[in-house]
Amino acid sequence: MCSTQKSSSSGEMSGTIDVVNFTPDPLKGVLVNYASSEESGDEQDVPPSDTDGAVFDLGAKIDDDDETPHETKPLEKKEFQFKKLTKESALEELSKKTFCASTDCKIDWAVGLFKAWRQHRLRTDVVEVFQIGWCDIDADDLNAEHLSFCLCCFVNEVRCQNGKEFPGKSLYKLVILIQFYLERKGVFWKLIDGPEFKRVKFTLDNLMKKRASEPGFERQGAEAIPVESEEEMWKNGILGEENPIQLRHTVMYLLGLSFALQGGEEHQNLCAPGFNPQITVQKGKGHKFLLYQEDQKSKTNQGRISHRKYQPQTTRIYENSENSDRCPVRLFEKYTSLLPAGKTNAFYKKEICDCKRSPKQWYVDKPIGINSLRPVVKSLCSKVGLSGKFTNHSLRVSTATRLYQKGVDEQTIKQFTGHSPIPCGFTSEVVTKFWKMRVTWS
């Protein structure tokens, strides 16, 4: 039976969750927080002070009766205590607002689209070319009034590559990404809530209202994989361990489903054994289990001020003794035993062309790229006739969906999947409606 324990920073939670089959298992006990950490600081010696006269020892001896300092002792130099002098250019670079790599890619895409639209308008429009021509987003003397006018025209005229209109939420994200670009440059304008950009807010609000009333603009998220379709994958040999590609896809499927991994980043960032791996095989009370420890720095925890209280998630998944053919622990051990002892730390590696000649090593020391990992779940689902939006993120959605269908409360689901805690002020009714929206696919 494959079961999972999930840690939480908010306290202990009772109950056991089986991620794949969601059947109770008396061996698992209580959900325990394995991610506890203690804040520690280096103690420094504090020089004694005269509390009556509030006189501090700064290297000079001063008597109470005589205010003339006597012999002065030079301060001991502690060069190791401070770094070298910070240059103004380095300080300016350090003080800029930064984003994660995926957000930077989205920012570059949005700004590139805005610049391409501006060049198009400059070539085709002569009436309003003055205001648009002055609106250079990279200029040091960028004017808020010109930018506000251009953003209103931009969100109304921009289209997808196929000529269709963007959904309202996509228009909103485009404006926010342009705002992030300005913040990255040190220009902190609120392009929607700022007083200089009221016109942008009203234009965007009316466009979003109009697009929401039109058919075909509802955003489709990743769909959950039905249990029946997963069973069909096993029976038809789509999931299994007969060849290197099949084994790698099966391990990826089981790890994503069991640990509710992020669609792309967390799969790609998994490390192979010997390179400080996030997933290790452990043994406790006579049963083997996989222990997943989230990276100290991940998509949801980048070490910023807002993440200082975040506790990395830790999950256990026990071996399936009832059905060893589908046991994630056994399949994980088989996959890692067939990996080469190379220099690359990537967990997912390319297969050998003829594995029959090398039965003890099925993979070479070359990592699988992100473009090869992205279509894995989509390919598996298409082989059993599933149509819709099925991506690697569907494994994470499937985990939350199956937990909800088994009656697990919403707070526990959020803690298990690693989503941010439910905000204060949210009522149980509101949260329940939110999670019911998430499980309408199955």
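Tabulated data
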read-out	value
Selection within the stretch 176-222 - surrounded by 17 or more Cβ atoms within 10 Å (Cβ to Cβ) and within 30 Å of Lys378 (Cβ to Cβ)	Leu177, Phe180, Met208, Arg211, Phe217, Ala222
Residue selected from the stretch 223-238 under the condition out of contact with any Gly (no Cβ under 6 Å at 6 or more places or on another chain) and acidic (Asp, Glu), by the criterion surrounded by the most Cβ atoms within 10 Å (Cβ to Cβ)	Glu230
Residue that is without any contact (Cβ under 8 Å) to a residue 60 or more places away in the chain and among the aliphatic types (A, V, I, L, M), where the choices are Leu207, Leu255, Leu261	Leu207
Inter-residue pairs, beta-carbon under 6 Å, first at pLDDT 90 or above and in the stretch 156-179, second assigned to a loop (DSSP other than H, G, I, E, B) and hydroxyl-bearing (Ser, Thr, Tyr), 6+ apart	none
Which listed residue is at negative phi and in contact with a strand residue (DSSP E or B) (Cβ under 9 Å, 6 or more places away or on another chain), from Glu228, Glu214	Glu214
Restricting the stretch 242-280 to residues that are hydrophobic (A, V, I, L, M, F, W, C), within 22 Å of the chain's Cα centre (by Cα) and not in a loop (DSSP other than H, G, I, E, B), the residue that is modelled with the lowest pLDDT	Phe259
Members of the stretch 327-341 found to be surrounded by fewer than 19 Cβ atoms within 10 Å (Cβ to Cβ) and in contact (Cβ under 8 Å) with a residue 40 or more places away in the chain, listed by number	Glu333, Lys334, Thr336, Ala341
Where a residue in the stretch 265-287 is closer than 9 Å to Asn345 by Cα and its partner, wherever it lies, is hydrophobic (A, V, I, L, M, F, W, C), with Cβ under 7 Å and at least six apart	Leu270/Ile279; Leu270/Phe347; Cys271/Phe347; Ala272/Leu339; Ala272/Ala346; Ala272/Phe347; Pro277/Cys271
Residues that are hydroxyl-bearing (Ser, Thr, Tyr) and touching a residue at least 60 places away in the same chain (Cβ under 8 Å), drawn from the stretch 180-204	Tyr181
The stretch 364-401 - residue that is in contact (Cβ under 8 Å) with a residue 60 or more places away in the chain, in a helix (DSSP H, G or I) and more than 17 Å from Leu239 (Cβ to Cβ) and, of those, farthest from the chain's Cα centre (by Cα)	Thr401
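The values are calculated or read from the model by the stated rules, or taken from the named source; none is laboratory data. Please read these numbers as outputs of a predicted model, since none were measured by experiment. So basically every Cβ, Gly included, is an ideal-geometry build from the backbone, and we count neighbours across all protein chains shown.
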